[in-house]
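A short worksheet on the structure shown next.
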Amino acid sequence: MNKVTNPDLPLPTPRSHDADELAASILEKLIYQVGKDTIVAKPHDWLRAVILAIRDRVTDKWMESTRKTYEAGSKRVYYLSLEFLIGRLLRDAISNLEMIDAINKALAKLDVNLVEIAGLEPDAALGNGGLGRLAACFMESMATVDVPAYGYGIRYVNGLFRQEIADGWQVELPENWLAHGNPWEFHRRESTYEINFGGKVDIIEEGGKEPRYVWKPAERMMAEAYDTPVVGWRAKRVNTLRLWSADAIDPILLDKFNAGDHIGALQESTKAETLTRVLYPADANPAGQELRLRQEYFFSSASLQDILRRHKQQFGDLSNLPEKVAIHLNDTHPAIAVIEMMRLLIDIHDIAFDEAWDMTVKTFAYTNHTLLPEALETWPVPLFERLFPRHMQLIYQINAKILLEARKQKGATDEAIRQISLIDEGGERRVRMGNIAFLGSHSINGVSALHTELMKETVFYNLHRIHPDRINNKTNGITPRRWLKECNPGLTRLIRDVIGDEFLDDTEKLKALDAFAEDSSFQERFDAVKRENKARLSNLIGERLGTRIDPSAIFDIQIKRIHEYKRQLLNIIEAVALYDQIRSHPEMDWVPRVKLFAGKAAPSYHNAKLIIKLANDVARVINSDPAVRGLLKIVFIPNYNVSTAEVMIPAADLSEQISTAGMEASGTGNMKFAINGALTIGTLDGANVEMRDWIGAENMVIFGMTAEEVEAARADGYNPRELIEGSKELSQALSAISSGVFSHDDPGRYADLIGGIYDHDWFMVAADFDAYAAAQRQVDAIWNDRTAWNVKAIRNTARMGWFSSDRAIREYARDIWGAL
Ligand SMILES: *Cc1c(COP(=O)(O)O)cnc(C)c1O
């Protein structure tokens with residue numbers, strides 16, 4: 001028998017956290033693991049040695065945490081996410097181990113520069129945007145609040161593409177984050193599972209018994225585990241991020257099946273490796289290709305097999321699965337896990353259908369991230385049937401059960417029944433992943449109060465009526481370690497100086513800063529920190545782009561995925577209007593402003609890519625016009641990622657959160673800015689609504705239509721043309737762009753983009769323009785009263801504590817997972 005733990009064998013003495021011993025460890029790693037002499041070691045070698053030495057210290061805590069969970073028989077949380085946008089890990093690990101002083105002393109002794117080597121660590125971009133970053137913040141917070149958890153995802157060889165800007169256009173290049181290896185991970189060659197696709201299902205009838213279904217797959221491959229330990233604040237606990245990589249079945253085994261077909265074996269191996277090669281670069285849009293569906297099943301199946309194996313090994317059988325296991329679906333991407341669980345319970349573990357369904361629903365929970373109807377995942381039935389013949393049978397069987405029960409309900413109309421079905425029968429028949437995730441879960445949560453209410457009224461209207469107890473809200477959060485303490489050491493030092501250390505363990509303790517908001521000497525110090533952060537960003541931009549920006553101007557920043565609903569276009573059009581105004585009224589006292597943009601567009605998203613080109617075209621014209629020199633500047637910073645966000649956010653005066661109301665589920669960028677003392681200009685959308693409740697409306701600049709007004713306008717046949725003609729500033733700015741003022745080389749470049757605003761303006765750019773422009777002048781007025789500005793900025797930092805992902809995770813653990 002394999003023993004999971006042997007309490008008679010104690011863990012080794014933990015590695016020392018003392019600076020001298022750390023220096024000795026780093027040196028030892030350099031020599032014996034990297035295999036380099038100090039006289040030839042390159043910065044990359046030192047980075048590897050440092051990571052390995054730090055990883056040892058993390059591993060000590062990891063062993064301890066794992067033992068503790070096992071011995072206490074605690075419930076484990078499994079967070080399934082197709083994306084984990086974790087960024088760099090070294091600074092996070094050092095900070096959470098509280099080894100900053102030790103590492104600085106150790107590296108000083110070794111004559112190695114920490115900043116230099118830390119900057120070489122690749123930014124692990126295994127995600128597109130907010131959804132993936134949320135998963136990363138949640139991993140850190142689960143460790144911090146001591147929830148035993150595993151994150152499960154895919155180890156993409158190529159993460160999100162690297163963006164370059166060439167002549168103003170986005171160019172996508174492969175991001176090879178594993179080029180120098182990944183010293184953080186442990187390759188678990190022993191933790192492999194077989195993953196199957198295609199083929200057929202045999203039915204085995206034995207007299208008197210339920211028939212058995214045996215899946216005879218056409219394709220077989222292996223999932224291999226790679227583990228990265230994730231350390232919580234003050235090393236309270238270390239959890240596991242387990243990422244799966246696809247591989248061909250061991251050739252020796254394959255030979256047995258393929259009767260020595262070596263070419264066949266080779267093809268299989270390429271096919272397997274292709275599966276986990278790339279992350280789909282679409283954000284808030286389903287990728288729709290077969291490979292994506294295969295990825296979804298691949299990692300769901302591997303994770304479930306792993307979960308059931310671990311549970312059986314510890315508890316003997318599966319009868320107490322829902323008491324000891326909580327499985328969370330981060331969006332519908334892993335929704336097929338619900339069906340895979342049914343298959344494993346019924347076909348492999350011999351559990352009856354009704355009992356298996358009951359166990360599944362008690363175990364699963366699902367987070368919805370978008371209401372955009374075009375973003376709800378569905379798959380054609382024939383494709384699903386071809387890849388997963390057994391799962392398709394189970395879907396029909398589950399659907400029959402669900403529809404039968406639904407029909408028994410009072411007032412169940414045919415339309416309501418059609419809406420809750422797992423299969424969309426209108427037109428080409430499609431499997432609805434949202435309905436599978438909803439019906440297979442005991443909890444369905446939205447990510448902000450507004451989004452959750454809209455979920456009940458729109459996408460899940462009928463499902464909510466049948467299961468009114470299932471939908472609940474869990475407003476998103478961000479980890480204050482990465483997004484305050486590590487990215488803004490100056491502000492952190494100042495806060496500690498004034499209110500002490502408590503906020504480091506309980507972010508809501510930042511409230512104590514409120515008492516200093518009116519204190520002029522504190523205001524000066526707060527302002528000085530912002531100035532330093534702005535100078536740091538200016539220098540970076542000078543080095544990277546050769547553009548000079550003045551740290552005394554307002555830094556007005558919009559960084560996020562480029563998407564029409566996020567309305568970078570509204571921001572650019574306002575910049576053009578402001579440019580006109582400054583030139584027409586040079587005598588006025590304009591507030592100097594730098595508008596900074598960064599963000600990637602999905603490679604197939606034509607308008608989003610055109611918006612990037614427009615930002616760059618407008619920047620070129622404005623930045624070279626002496627008439628606005630020192631007053632207005634536009635900068636587009638290429639290759640937005642976690643590390644870029646970490647330098648830009650602490651330097652922001654103004655945070656642009658201007659999505660069309662009702663379309664941004666939560667936003668988390670909004671939270672990162674506000675906690676770092678930026679004022680928000682924003683719509684009443686997503687978590688902005690709750691931020692206003694916490695921060696106070698007087699400390700933000702809210703403008704524009706509400707979600708209800710947007711819906712009403714759309715329903716009433718909204719006429720943008722009329723509105724545009726009524727606004728002189730807007731019509732001038734739109735004509736300038738569409739007539740080629742910013743694109744002499746191709747005057748018609750923006751005709752269609754701007755034409756869309758005249759024609760339908762789905763994202764209400766015209767409807768919100770005047771309110772937005774007025775709000776920007778209100779920002780200028782506040783800026784001119786520096787005391788007023790600083791008071792508001794301080795109140796933002798003081799009142800954002802609730803938006804910590806620790807709070808969010810405590811709510812999940814208590815209300816959804818039963819794990820605290
Ligand atoms: C926080 C974050 C996001 C999400 O930003 P939103 O403004 O909420 O869309 C996206 N990408 C990165 C790198 C982030 O850090």
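Values quoted throughout were computed directly from the atomic coordinates according to the rules given, and no laboratory measurement underlies them. Keep in mind the model is a prediction, meaning the values are calculated, not measured. Ideal geometry is used to build each Cβ from the backbone, glycine not excepted, and the neighbour counts take in all protein chains shown.
Rounded if a/c is under 1.5, else prolate if a/b beats b/c, else oblate: with a ≥ b ≥ c from the C-alpha gyration tensor eigenvalues square-rooted, which is the stretch 409-489? It is prolate, given that a/c is not under 1.5 and a/b is the larger ratio. You can think of it this way: the chain between SER16 and VAL591 has 201.6 nm of extra reach, that is 0.36 nm per residue less the Cα-Cα gap. Close amide H pairs (under 5 Å, H built 1.01 Å from N) link ARG237 with GLY232, residues at least 5 positions away or on another chain.
Take the alpha-carbon centre of the stretch 289-308, take the same for the stretch 681-711, and report the distance between them in whole Å. Each part reduced to its Cα centre gives a spacing of 39 Å.
Equivalent-ellipsoid semi-axes for the chain (Cα gyration tensor, √(5λ), whole Å, largest first): 44, 35, 26. Hey, quick one: spin label on VAL214, modelled 7 Å out along Cα-Cβ, who in the stretch 344-385 has an amide N within reach, i.e. under 16 Å? Answer for the stretch 344-385: 347-350.
In sequence order, the stretch 468-482 has phi-based couplings of x, 8, 8, 6, 9, 9, 9, 4, 4, x, 10, 7, x, 5, 5 Hz under the Karplus curve 6.51 cos²θ - 1.76 cosθ + 1.60, θ = phi - 60°, and Gly or Pro positions carry x.
Once C-alpha pairs closer than 8 Å and six or more residues apart are averaged by separation and normalised to the residue number of the stretch 625-709, the relative contact order reads 27 percent.
When both the stretch 31-58 and the stretch 558-607 are represented by their alpha-carbon centers, they are found 45 Å apart. Could you list which residues have their amide H under 5 Å from that of SER443, counting only those 5 or more apart in sequence or on another chain, with H placed in the peptide plane? Correct list: TYR366. Backbone phi angles across the stretch 658-675, fed through the Karplus curve with coefficients 6.51, -1.76 and 1.60 (θ = phi - 60°), yield HN-Hα couplings of 10, 4, 4, 4, x, 10, 9, 4, 9, x, 10, x, 3, 6, 4, 5, 5, 5 Hz in residue order; Gly and Pro are listed as x. Across the stretch 1-116, the volume of the C-alpha convex hull divided among the residues equals 165 Å³ per residue. If you model the stretch 121-215 as an ellipsoid using its alpha carbon gyration tensor, with each semi-axis the square root of five times an eigenvalue, the axes come out at 40, 22, 15 Å, biggest first. Here the peptides 621-631, 470-480, 338-348 are ranked by packing, the mean other Cβ count within 10 Å, and the order with the highest first is 470-480, 338-348, 621-631.
Amide H to amide H, with H built 1.01 Å from N, GLY127 comes under 5 Å of PHE84, LEU160, counting only residues 5 or more places away or on other chains.
When all alpha-carbon pairs of the stretch 651-690 are counted, what percent fall beyond 16 Å? More than 16 Å apart: 23 percent of the Cα pairs in the stretch 651-690. All Cα-Cα separations within the stretch 302-395 were binned at 10 Å from zero, giving a P(r) of 14, 45, 31, 9, 0, each value a whole percent of the pairs.
For the stretch 341-427, pairs of C-alpha atoms spaced more than 14 angstrom apart make up 73 percent of the total. Site pair THR706 and GLU205 shows an inter-label distance of 6.2 nm when each label is modelled 7 Å from Cα along Cα→Cβ. The simple spin-label model puts a point 7 Å past each Cα toward its Cβ; for ARG418 and ASP550 those points are separated by 6.2 nm. Computed over the Cα atoms of the stretch 366-524, the ratio of the radius of gyration to the Kirkwood radius (Rg/Rh) comes to 1.22. Among the listed pairs LYS105/LYS236; LYS75/LYS209; LYS401/LYS474; LYS509/LYS530; LYS29/LYS75; LYS61/LYS560, those whose Cα-Cα separation exceeds 27 Å are LYS75/LYS209; LYS401/LYS474; LYS29/LYS75; LYS61/LYS560. A simple packing score, the average count of other Cβ atoms within 10 Å per residue, orders the peptides 560-568, 489-497 as 560-568, 489-497, with the highest score first. The convex hull drawn around the Cα atoms of the stretch 477-545, when projected onto a plane and averaged over every direction, covers 5.4 nm².
According to the Kirkwood relation over distinct C-alpha pairs, the hydrodynamic radius of the stretch 47-174 is 16.9 Å. With a Förster radius of 56 Å applied to the C-beta separation of ALA627 and LYS109, the computed FRET efficiency comes to 0.50. When each of the peptides 102-113, 80-91 is scored by how many other beta carbons lie within 10 Å of its residues on average, the order from highest to lowest is 80-91, 102-113.
A Förster radius of 56 Å combined with the Cβ-Cβ distance from GLU98 to ALA751 puts the calculated FRET efficiency at roughly 0.45. Between GLN289 and GLN313, the simple label model (points 7 Å from Cα in the Cβ direction) yields a spacing of 3.5 nm. Assuming a ≥ b ≥ c are the square roots of the Cα gyration tensor eigenvalues, decide whether the stretch 779-820 counts as rounded (a/c under 1.5), prolate (otherwise, with a/b larger than b/c) or oblate. Prolate is the answer for the stretch 779-820, as a/c is 1.5 or above and a/b outweighs b/c. The stretch 48-101 has equivalent-ellipsoid semi-axes of 24, 18, 9 Å, by the square roots of 5 times the alpha carbon gyration tensor eigenvalues, sorted largest first. Beta bridges per DSSP, both residues in the chain: antiparallel share near 45 percent. Measuring nothing but how far apart in sequence close Cα pairs (under 8 Å, 6+ apart) lie, relative to its length, the stretch 527-617 scores a relative contact order of 34 percent. What is the calculated FRET efficiency for ASP501 to GLU374, with r their C-beta to C-beta distance and R₀ = 56 Å, to the nearest 0.05? Working from the Cβ atoms, E equals 0.75. Listed values for the stretch 197-209 are Karplus-derived 3J(HN,Hα) couplings in whole Hz (6.51 cos²θ - 1.76 cosθ + 1.60, θ = phi - 60°), namely 9, x, x, 9, 10, 8, 9, 10, 9, 10, x, x, 9, and x replaces Gly and Pro.
Using only the C-alpha atoms, the convex hull of the stretch 620-767 corresponds to 153 Å³ per residue. Averaging the sequence gap over all C-alpha pairs within less than 8 Å and six or more residues apart, then dividing by the number of residues, gives the chain a relative contact order of 13 percent. Decide, for the stretch 707-820, between rounded, prolate and oblate: order the square roots of the alpha carbon gyration tensor eigenvalues as a ≥ b ≥ c, take rounded if a/c falls under 1.5, and otherwise choose prolate if a/b is larger than b/c, else oblate. Prolate shape, in that a/c is at least 1.5 and a/b is the bigger ratio. Fully extending the segment from SER735 to HIS187 would add 191.5 nm, taking 0.36 nm per residue of separation and subtracting the current Cα-Cα distance. Residue separation of GLN778 and GLU164 scaled by 0.36 nm, minus their Cα-Cα distance, works out to 217.6 nm of gained length.
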